[in-house]
Every structure is written in C-alpha cells, then in structure tokens.
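Report on one structure; see the data block that follows.
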Ligand SMILES: [Zn+2]
Ligand SMILES: [Zn+2]
C-alpha cells in the first residue's frame with residue numbers, strides 16, 4: 001500500500017511539474033505558428049471608437065444665434081440661421097444678402113436723425129460702360145487715373161453711396177445705413193437741407209440713355225423692403241428731385257410708375273410723383 005501511494009505521488013508530481021507545463025507550452029507554440037501562417041484568422045482587433053466629430057459653430061450675422069457650420073446659410077463669408085435673416089439689415093446697418101466693399105467716404109449722421117428717405121441715383125464707369133469694378137474703385141478712392149481719360153477729373157471727389165445695384169442685380173454695400181454716405185451733395189427735400197443726413201443713397205448702374213434692367217427694379221424693391229424693416233422710410237426720391245438743375249439722375253429712363261406698381265409702395269411715399277423726369 002505504501003509503495004502504491006508513493007507511486008501515485010510520483011505520478012502526480014510528474015504530471016503537474018513536467019508533463020502539464022510542457023503541454024501548455026506546446027499548445028501556445030502551435031497557436032503562434034497558426035497565427036503567423038494565417039493572419040486573416042486572427043480575431044479582428046477591436047475598432048477604436050471614432051473620435052467625436054466636433055463641428056465648427058458659427059453665429060448668425062443677424063440674430064447672433066449659434067449653429068453648426070453645416071446648417072448655416074453662408075453669404076460673402078458671413079453666416080445666417082436662415083434665408084429670412086439673410087434678407088435683412090443687421091443691427092449695424094449691413095444687409096445680409098449683398099457683397100460688402102467698404103468705403104471710407106462716410107461720417108456720422110447728426111445725433112438722433114431718423115433715416116426716412118431713399119435717394120435713387122444712376123452711375124456708370126467708365127461713363128456709358130457697364131460691368132467691371134470701377135464704381136467700387138471710385139467709391140473706395142482707388143480709381144486708376146490711367147484707365148480712362150475721364151477719371152483724372154473725378155479722382156479727387158470723395159463720394160460714396162450706401163448701395164449699388166449692378167445691371168445683373170448684384171448688390172454691393174459700401175456704407176452702413178446707420179452712417180452718413182456722401183451721395184447727394186447740396187440738396188433740399190421739402191425744406192430740409194443736406195439730404196445725406198437723413199437718407200440712404202442707392203445707385204443703379206446705368207446712364208441717362210438706356211432703360212434700366214428689370215432685374216434692377218426687382219432687386220431695388222427687395223432692398224427697399226429690407227431697409228423699411230429697420231428705417232421708417234416715408235419718401236423715395238430721385239437725385240434730380242433734391243438737387244434740381246445740378247443733377248439729372250436717375251433720369252427719364254427710370255420708370256417710377258412701373259417701380260411703384262411692382263413694389264406696391266404707397267404712392268404718397270413718392271413725393272415727386274410717378275411721371276418720368
Ligand atoms: Zn438669425
Ligand atoms: Zn446722383
């Protein structure tokens with residue numbers, strides 16, 4: 001019996017100390033070989049969790065609400081929460097849906113001035129030619145005198161308008177509507193002098209010789225609509241109405257009747273009537 005027990009003990013010792021460790025080692029070695037010869041069989045390493053995509057937030061230029069970049073409406077490098085705010089003037093007097101080319105030709109309106117008048121002008125540079133960027137250059141005092149024989153005669157005039165509507169309907173803003181742009185010069189409206197103080201100047205790209213484009217009337221209507229949200233406009237006049245004898249624009253080709261019809265602006269807001277002049 002004692003011998004049997006000793007034998008059992010020896011066998012157990014052999015199994016646990018020699019045979020089992022060897023078998024485990026061998027099993028591991030075989031697994032290693034298998035892995036190397038068939039890499040596809042490897043259990044797929046767990047995919048690291050994707051880093052959360054942090055989207056850039058932008059602020060609406062009109063109401064300052066913050067929203068993800070991909071949800072915002074972008075115009076000329078500015079962002080809007082929706083098309084409604086894109087169409088309005090912001091608190092600083094800048095329209096959303098237009099290109100800004102900022103001019104230094106402006107100053108402060110007199111204190112407590114109510115902006116209640118819109119003055120319509122026409123301009124073309126070089127005279128009689130459309131397109132290009134000479135009007136922008138003129139209002140920003142960077143016209144090249146060598147580009148046209150007429151330019152040296154106007155290069156020192158420091159003038160501007162709040163808005164320009166080009167032949168294709170593109171709108172450019174030069175000055176905030178809260179500031180005084182220099183577009184009307186010596187002028188009088190119903191006994192009130194210096195119309196620049198209380199008006200917004202809108203230039204239509206055009207001459208006194210050809211009709212304006214339909215698109216320009218449409219855009220002018222939208223622009224005046226946007227302006228009226230911010231400023232209580234009571235008079236829409238031509239430059240020639242407030243500087244008679246000195247100025248002819250917007251001229252006989254500006255169709256006041258047609259403009260009133262499409263804009264549905266009440267006739268009493270046209271103090272000089274709707275006849276061509
Ligand atoms: Zn907004
Ligand atoms: Zn004018």
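Just so it is clear, none of the values below were taken in a lab; they were calculated from the coordinates. The model shown is predicted, which means the values in this text are computed figures rather than measured ones.
Against the main long axis of the alpha-carbon atoms of the chain, helix 2-14 sits at an angle near 30°.
Helices in the chain, meaning DSSP H runs of at least 4 residues, each add -39500 (n - 2.57). Divided by all residues, the mean residue ellipticity at 222 nm is -7500 deg cm²/dmol. Result for the chain in a Gaussian network model with C-alpha springs under 10 Å: among 203, 32, 170, the largest mean-square fluctuation is at 32. Mean-square fluctuations from a GNM of the chain, with a 10 angstrom spring cutoff on Cα atoms, peak among 249, 147, 116 at 147.
In whole percent, what relative contact order does region 87-269 give with Cα contacts below 8 Å and a gap of six or more residues? Relative contact order comes out at 29 percent.
Run through the DSSP bridge list for region 87-269 and note the antiparallel percent, rounded to the nearest 5. Kindly include the intermediate steps, with their values, before the conclusion.
Working: 9 of 25 bridges.
Given both bridge residues lie in region 87-269, the antiparallel proportion sits at roughly 35 percent.
Note on the chain: GNM, Cα springs under 10 Å; of 233, 53, 200, the largest mean-square fluctuation is that of 53.
So between residue 32 and residue 54, what do we pick up on full extension, going 0.36 nm a residue minus the alpha carbon distance?
Result for the pair: 3.8 nm of gain on full extension.
The share of C-alpha pairs in the chain whose separation exceeds 28 Å stands at 51 percent. Counting DSSP beta bridges with both partners in region 154-248, what percentage is antiparallel, nearest 5? Percentage antiparallel, nearest 5: 60.
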